[in-house]
Amino acid sequence: MPHVPVPGRSAASIVLVVLLVAAALKWASAFFIPLMLGLLLSYALSPVVEALQRAHIPRALSAGVLIAGLLVGAGAPIYAFSDDANALIESLPEAAARLRDAVRQRASRRAPLDTVQKAAQQLEQAAAEAGARVAGAAALVAFQQFGEIAIGRCTWLSRRWRSIPSLGPCWCPG
(Lines give C-alpha, C1' and ligand atoms only; values in the text may rest on other atoms or scores of the structure.)
Protein backbone atom coordinates (compact mmCIF):
# COMPACT_ATOMS: atom_id res chain seq x y z
CA MET A 1 0.00 0.00 0.00
CA PRO A 2 1.53 3.38 -1.04
CA HIS A 3 2.16 6.04 1.56
CA VAL A 4 -0.01 9.16 1.05
CA PRO A 5 1.22 12.38 2.75
CA VAL A 6 -1.28 14.08 5.02
CA PRO A 7 -1.64 17.81 4.24
CA GLY A 8 -2.20 18.78 7.87
CA ARG A 9 1.07 17.22 8.95
CA SER A 10 3.13 19.29 6.49
CA ALA A 11 1.34 22.54 7.44
CA ALA A 12 1.92 21.83 11.12
CA SER A 13 5.61 21.13 10.52
CA ILE A 14 5.97 24.40 8.56
CA VAL A 15 4.38 26.38 11.40
CA LEU A 16 6.62 24.61 13.91
CA VAL A 17 9.76 25.37 11.90
CA VAL A 18 8.77 29.06 11.55
CA LEU A 19 8.18 29.32 15.30
CA LEU A 20 11.49 27.64 16.07
CA VAL A 21 13.39 29.96 13.71
CA ALA A 22 11.71 33.01 15.29
CA ALA A 23 12.61 31.77 18.78
CA ALA A 24 16.23 31.14 17.73
CA LEU A 25 16.49 34.65 16.24
CA LYS A 26 15.01 36.15 19.39
CA TRP A 27 17.47 34.20 21.52
CA ALA A 28 20.43 35.22 19.33
CA SER A 29 19.31 38.82 18.73
CA ALA A 30 22.39 40.18 20.51
CA PHE A 31 24.43 38.62 17.71
CA PHE A 32 22.15 39.02 14.67
CA ILE A 33 21.11 42.67 15.07
CA PRO A 34 24.68 44.07 14.93
CA LEU A 35 25.46 41.64 12.11
CA MET A 36 22.50 42.87 10.05
CA LEU A 37 23.32 46.51 10.76
CA GLY A 38 26.91 45.91 9.64
CA LEU A 39 25.76 44.26 6.42
CA LEU A 40 23.35 47.10 5.68
CA LEU A 41 26.03 49.72 6.32
CA SER A 42 28.55 47.86 4.16
CA TYR A 43 26.10 47.82 1.24
CA ALA A 44 25.12 51.45 1.77
CA LEU A 45 28.70 52.72 2.05
CA SER A 46 30.33 50.56 -0.60
CA PRO A 47 29.89 53.20 -3.37
CA VAL A 48 31.85 55.72 -1.28
CA VAL A 49 34.61 53.19 -0.56
CA GLU A 50 34.81 52.30 -4.26
CA ALA A 51 35.07 56.00 -5.19
CA LEU A 52 37.96 56.42 -2.71
CA GLN A 53 39.57 53.29 -4.13
CA ARG A 54 39.38 54.80 -7.63
CA ALA A 55 41.27 57.77 -6.15
CA HIS A 56 44.12 55.30 -5.41
CA ILE A 57 43.37 55.00 -1.68
CA PRO A 58 43.57 51.38 -0.45
CA ARG A 59 40.19 49.78 0.32
CA ALA A 60 40.96 49.15 4.01
CA LEU A 61 42.19 52.71 4.53
CA SER A 62 39.19 54.21 2.72
CA ALA A 63 36.81 52.11 4.84
CA GLY A 64 38.62 53.25 8.00
CA VAL A 65 38.50 56.90 6.93
CA LEU A 66 34.80 56.56 6.11
CA ILE A 67 33.98 54.99 9.49
CA ALA A 68 36.02 57.66 11.29
CA GLY A 69 34.19 60.35 9.31
CA LEU A 70 30.83 58.85 10.28
CA LEU A 71 31.81 58.73 13.94
CA VAL A 72 33.00 62.34 13.89
CA GLY A 73 29.88 63.39 11.99
CA ALA A 74 27.64 61.73 14.57
CA GLY A 75 29.74 62.76 17.58
CA ALA A 76 30.12 66.46 16.75
CA PRO A 77 26.43 67.34 17.18
CA ILE A 78 26.28 65.31 20.37
CA TYR A 79 29.23 67.22 21.78
CA ALA A 80 27.79 70.55 20.59
CA PHE A 81 24.48 69.93 22.32
CA SER A 82 25.98 68.50 25.51
CA ASP A 83 25.99 71.86 27.33
CA ASP A 84 22.35 72.46 26.44
CA ALA A 85 21.43 68.93 27.52
CA ASN A 86 23.24 69.38 30.86
CA ALA A 87 21.46 72.69 31.45
CA LEU A 88 18.14 71.05 30.67
CA ILE A 89 18.83 68.19 33.05
CA GLU A 90 19.85 70.60 35.80
CA SER A 91 16.65 72.65 35.34
CA LEU A 92 14.34 69.62 35.49
CA PRO A 93 13.84 69.63 39.31
CA GLU A 94 12.92 73.34 39.28
CA ALA A 95 10.53 72.84 36.36
CA ALA A 96 8.93 69.88 38.11
CA ALA A 97 8.43 71.97 41.26
CA ARG A 98 6.82 74.79 39.24
CA LEU A 99 4.54 72.30 37.52
CA ARG A 100 3.58 70.75 40.86
CA ASP A 101 2.80 74.22 42.31
CA ALA A 102 0.71 75.14 39.27
CA VAL A 103 -1.28 71.91 39.55
CA ARG A 104 -1.84 72.47 43.27
CA GLN A 105 -3.01 76.07 42.67
CA ARG A 106 -5.37 74.91 39.94
CA ALA A 107 -6.79 72.20 42.19
CA SER A 108 -7.19 74.57 45.14
CA ARG A 109 -9.20 77.11 43.13
CA ARG A 110 -12.90 76.72 43.32
CA ALA A 111 -14.59 75.83 40.09
CA PRO A 112 -17.20 78.30 38.73
CA LEU A 113 -19.90 75.71 39.28
CA ASP A 114 -18.96 75.52 42.97
CA THR A 115 -19.31 79.31 43.23
CA VAL A 116 -22.74 79.24 41.57
CA GLN A 117 -23.87 76.41 43.83
CA LYS A 118 -22.71 78.33 46.89
CA ALA A 119 -24.63 81.43 45.73
CA ALA A 120 -27.75 79.32 45.12
CA GLN A 121 -27.49 77.86 48.61
CA GLN A 122 -27.20 81.35 50.09
CA LEU A 123 -30.25 82.51 48.12
CA GLU A 124 -32.25 79.52 49.32
CA GLN A 125 -31.21 80.26 52.87
CA ALA A 126 -32.20 83.94 52.52
CA ALA A 127 -35.56 82.94 51.02
CA ALA A 128 -36.19 80.52 53.85
CA GLU A 129 -35.40 83.24 56.40
CA ALA A 130 -37.63 85.80 54.72
CA GLY A 131 -40.40 83.25 54.39
CA ALA A 132 -43.78 84.08 52.91
CA ARG A 133 -43.20 87.86 52.90
CA VAL A 134 -40.76 87.55 49.98
CA ALA A 135 -43.00 85.18 48.06
CA GLY A 136 -46.00 87.47 48.46
CA ALA A 137 -44.01 90.55 47.39
CA ALA A 138 -42.64 88.74 44.33
CA ALA A 139 -46.13 87.65 43.31
CA LEU A 140 -47.43 91.22 43.71
CA VAL A 141 -44.61 92.64 41.53
CA ALA A 142 -45.19 89.98 38.85
CA PHE A 143 -48.96 90.66 38.85
CA GLN A 144 -48.35 94.40 38.58
CA GLN A 145 -45.93 93.94 35.63
CA PHE A 146 -48.38 91.64 33.85
CA GLY A 147 -51.16 94.16 34.40
CA GLU A 148 -49.09 96.97 32.97
CA ILE A 149 -48.35 94.86 29.90
CA ALA A 150 -52.05 94.01 29.58
CA ILE A 151 -53.16 97.63 29.62
CA GLY A 152 -50.22 98.80 27.51
CA ARG A 153 -48.52 101.09 30.01
CA CYS A 154 -45.25 99.16 30.04
CA THR A 155 -44.24 99.89 26.45
CA TRP A 156 -40.80 98.26 26.51
CA LEU A 157 -42.15 94.94 27.75
CA SER A 158 -45.23 95.08 25.53
CA ARG A 159 -43.02 95.58 22.45
CA ARG A 160 -40.99 92.54 23.48
CA TRP A 161 -44.19 90.59 24.14
CA ARG A 162 -45.50 91.38 20.66
CA SER A 163 -42.22 90.36 19.02
CA ILE A 164 -42.51 86.75 20.20
CA PRO A 165 -44.09 84.86 17.25
CA SER A 166 -45.26 81.87 19.27
CA LEU A 167 -47.66 84.03 21.28
CA GLY A 168 -49.83 84.78 18.26
CA PRO A 169 -51.47 88.13 17.60
CA CYS A 170 -50.85 90.83 20.14
CA TRP A 171 -53.70 91.36 22.57
CA CYS A 172 -52.01 94.36 24.19
CA PRO A 173 -53.69 97.71 23.52
CA GLY A 174 -51.48 100.37 22.02
- [ ] Name the helices (runs of 4 or more DSSP H) wholly inside the stretch 7-82 in which the number of residues that are at pLDDT 90 or above and surrounded by 11 or more Cβ atoms within 10 Å (Cβ to Cβ) is 2 or more.
- [x] 29-54, 59-80
Task: Test result for L99, loosely packed, with under 10 Cβ neighbours inside 10 Å and either among the charged types (D, E, K, R) or at pLDDT below 90 (or both) - done: no
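The values are calculated or read from the model by the stated rules, or taken from the named source; none is laboratory data. This structure is a prediction, so every number in the text was calculated from the model and none was measured. Note that we place each Cβ from the backbone using ideal geometry, even for glycine, and neighbour counts take in every protein chain shown.
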